[in-house]
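The values are calculated or read from the model by the stated rules, or taken from the named source; none is laboratory data. Because the structure is a prediction, the values reported are computed rather than measured. Glycine also receives a Cβ, built like all others from the backbone with ideal geometry; neighbour counts cover every protein chain displayed.
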Amino acid sequence: MKTFYDFYHNPVRLSFEDHPFSKAPKHVWVICRYENKWLLTKHKDRGLEFPGGKVEEGETAEEAAIREVKEETGAEIENISYVGQYKVEGKGGTIIKNVYYALISELTDQSHYFETHGPALLKELPQAIKANKRYSFMMKDEVLPECLKRIKQNG
């Protein structure tokens with residue numbers, strides 16, 4: 001279990017155990033790769049980030065992850081795997097989010113990308129992401145680097 005603070009100084013606990021905080025989390029975040037590049041989305045307000053969002057009624061977290069990637073980027077997932085789960089004790093309440101890693105088989109243009117401006121492909125993620133105003137706050141705490149380490153360990 002890793003404990004740290006997010007961009008807004010809220011306490012965060014990240015675990016790579018099997019659903020340590022909730023078996024039915026209400027949020028998902030998907031780290032995506034497509035043709036040896038990182039697939040992000042351009043959120044209209046927050047900036048560049050990996051796709052994600054809320055789990056809808058009657059949907060599993062994994063189904064939500066697949067849907068959010070499609071809605072926000074136009075991508076079809078070839079393979080998706082659970083990486084971990086984190087819990088943020090925010091001022092507005094508690095958020096529990098599953099993190100997934102997805103390999104993308106196809107990327108198609110869409111007429112609408114919901115609350116985003118569509119996909120963004122990056123060969124590499126910047127080293128100084130925390131100081132880069134183009135990136136969402138969700139990319140600026142320890143969740144991303146810790147999950148990337150875990151994904152690399154798991155091959």
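Values computed for the structure shown
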read-out	value
Count of residues meeting criterion [assigned to a helix (DSSP H, G or I) and surrounded by fewer than 20 Cβ atoms within 10 Å (Cβ to Cβ)] in segment 48-65	2
Qualifying position, being under 28 Å from Tyr5 (Cα atoms) and modelled with pLDDT of 95 or more, among Lys91, Lys70, Lys97	Lys97
Residue satisfying all of: in segment 1-47; in a loop (DSSP other than H, G, I, E, B) and of a type in the set (S, T, N, Q); farthest from Pro126 (Cα to Cα) among these	Ser22
Residues being more than 19 Å from Arg67 (Cβ to Cβ) and either in contact (Cβ under 8 Å) with a residue 40 or more places away in the chain or surrounded by 10 or more Cβ atoms within 10 Å (Cβ to Cβ) (or both) - total across segment 81-119	8
